[in-house]
Amino acid sequence: MKDERVKQDPTKTSSFENRAVDATDAESDAAASAADAGDVIDEDATGSTGEHMIVGEEAGLVTSALQHELAEQKEKYVRLYAEFENFRRRAVKDRQDAEHRGMGNLLRGLLESLDDLARVAHMTPAKSDTATVLEGVALVERKLLKSLAGHGLEVVDPKGHPFDPALHEAISTAPAASKEEDHLVAQVFQVGYVFNGTLLRPARVVVTQWNG
């Protein structure tokens, strides 16, 4: 039985009451902690989303700048390609025009020789002697060679000169009368031609050879 004479201290609580108070306080503390944690999570989520938005905007700006630069470079390439094609066509045309002018100048120099050759070719056999025909042919040859020489053509006729393998082609040999005549051109079967320093055809010659 409970002794009614013993009075309880109003400032003290029983163990059961203490447990109830402790549970209530614990629930309040847990709720406060959850709220604090939620605030932290919300703040972190908001900050992360903001950062992602900033990064996305920066990436978009970079992409736009790169696309703009690519378009400019493409435009420059197209313009340069068009200019190069125009330059190439002009260069080809200029070269063709120069070749045509050169051929025209060459042919103009041959016209008189062609006229002389036509006159010789159309001589009346009954009224022309051999000497006249030969004289006409020789005249045509001289005028023709003179005209071609004016355009840079040189005749290679090396009879009596030392053999030069860069300009001559030896087709046979002949004995030399002395050692001093060794490797000289004794006979020219076919003259050669050089055009502006370039060998067009070597002279075909007979070369002397000293065997003593």
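A few remarks follow.
- A Cα-only calculation for the range 154-212 places Rg and Dmax at 11.6, 40 Å.
- Ordered by the count of other Cβ atoms within 10 Å of each Cβ, fewest first, ASP129, ASP164 give ASP129, ASP164.
- The fewest-to-most ranking of MET123, MET103 by surrounding Cβ atoms within 10 Å reads MET103, MET123.
- The average projected area of the range 62-120, computed from the convex hull of its Cα atoms over all directions, is 4.3 nm².
- The fraction of Cα-Cα pairs per 10 angstrom bin, counted from 0 for the range 98-158, comes to 21, 40, 27, 11, 1 percent, rounded to whole percents.
- Residues THR208, THR130 arranged by fewest to most Cβ contacts within 10 Å: THR130, THR208
- Between the range 87-103 and the range 146-200, the C-alpha centres lie 35 angstrom from each other.
- Relative contact order, whole percent, for the range 71-212 stands at 19, derived from Cα pairs under 8 Å and 6 or more residues apart.
- At most 16 other Cβ within 10 Å, DSSP loop - trypsin sites (Lys or Arg not before Pro), the range 157-212: LYS159
- The range 130-200: relative contact order in percent, alpha carbon pairs under 8 Å with at least 6 residues between: 40 percent
- Anisotropy class of the range 81-212 from Cα gyration tensor, a/c 1.5 cut: oblate
Laboratory data are not the source of any read-out in this text; all were calculated from the coordinates shown. These figures come from a predicted structure and were not determined experimentally. Glycine also receives a Cβ, built like all others from the backbone with ideal geometry; neighbour counts cover every protein chain displayed.
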